[in-house]
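Since the structure comes first, as structure tokens, the remarks are kept for the end.
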């Protein structure tokens, strides 16, 4: 195992989230696929943005949100993603560094603009994502710092990035470097539509280099082509070292070859926005895992982080997750 300087290194689409709250009618009026992540082009992004209410703009992207969460717990993390030398690229770099994530990527001087995700939050707290990938989709294998990847206890990859061939190659390169260093590879399924698009490849990944898998029940159902939770759990059990299956208000399951650990959901008084719930769940779990906690304790940290982020607008925690976990007795002061 190589010398380790980071708890987690994340790789994903470097995206600026533009989040607005809209009435339910906004979904139908703009022909959106509620609850899904849909890739859009520049023209569609501009039209939709013009119709949105005043919005919050912050650095985002699934893996970037997870790295921000691990940093909030007190973990040492770094992020690999591609931005342009434009206004949103500056926003992304400033925001992610400000929350304690190392981000040393050089901004591109040509090519498409920095990516952005237009997030529509309806009154039921569901989030509908419309993503213009921009230059984030041009993350090249040569952009992956193999020394950085090898320096982390865990590599964390987001499934969204698998949609573009060149970024898929970048992830495969990072995964190989992580495995060669004797470290752990984690992967999030991201979206059931992503699972359907890449079904056979992802089955091979889960059976191969992935050590820690994250997904919600719909994503696991899509992966194993079932609508029954027990059947899905039986299908994934033993395929990788750990599979974390989130079940919304029903909590989550941490599945190992030997056992299935049930983790209750952390109570939330008012669910405002589910954006980032899965991302922050992964951050709590990975912080606990890289700090030697048992899997049940990792799951409780994960539930705590997910509960915090859905209690307000946006995909980043608004308080120190470390301090919150200490206050709940989940971490030592």
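The stretch 78-109 and the stretch 206-228 have Cα centres spaced 30 Å apart. What separates the Cα centres of the stretch 114-162 and the stretch 298-318 is a distance of 19 Å.
Each peptide among 270-281, 47-58, 4-15, 96-107 gets the average number of other Cβ atoms lying within 10 Å of its residues, and from highest to lowest they stand as 4-15, 270-281, 96-107, 47-58.
Each Cα pair under 8 Å and six or more residues apart adds its sequence gap; the mean of these over the residue count of the stretch 218-333 is a relative contact order of 19 percent. Modelled spin-label separation between residue 318 and residue 98, with each label point placed 7 Å from Cα along the Cα-to-Cβ direction: 1.6 nm. Largest first, the three principal axis extents of the alpha carbons in the stretch 176-333 are 42, 34, 27 Å in whole numbers. Placing R0 at 22 angstrom, the Cβ-Cβ distance between residue 230 and residue 200 gives a FRET efficiency of 0.40 after rounding to 0.05. For the stretch 6-327, the relative contact order is 18 percent, taking Cα pairs closer than 8 Å that sit 6 or more residues apart in sequence and dividing their mean separation by the residue count.
When each of the peptides 68-75, 165-172 is scored by how many other beta carbons lie within 10 Å of its residues on average, the order from highest to lowest is 68-75, 165-172. Residues of the stretch 246-286 with backbone nitrogen within less than 20 Å of a virtual label 7 Å along the Cα-to-Cβ line of residue 332, please, listed as ranges. It comes to 285-286, nothing else.
I want the antiparallel fraction of DSSP beta bridges within the chain, as a percent rounded to 5. Just about 35 percent of them are antiparallel.
Cα centroid separation, the stretch 18-52 to the stretch 259-289: 26 Å.
For the peptides 208-220, 225-237, the ranking by mean Cβ contacts within 10 Å, running from highest to lowest, is 208-220, 225-237. Comparing mean-square fluctuations of 62, 25, 283 from a GNM of the chain with C-alpha springs under 10 Å, the top value falls on 25.
One chain, two ends: residue 168 and residue 271. Fully extended at 0.36 nm per residue, the span grows by 33.7 nm beyond their Cα-Cα distance. A helix-only calculation puts the chain at -11000 deg cm²/dmol for mean residue ellipticity at 222 nm, using -39500 (n - 2.57) for each DSSP H run of at least four residues, averaged over all residues. DSSP finds beta bridges in the stretch 1-99, and of those with both partners inside it, around 55 percent are antiparallel.
Coordinate-derived values only; no laboratory data. All of these numbers come straight from a predicted model, not from anything done at the bench. Note: ideal-geometry Cβ built from the backbone for every residue, glycine included; neighbour counts use all protein chains shown.
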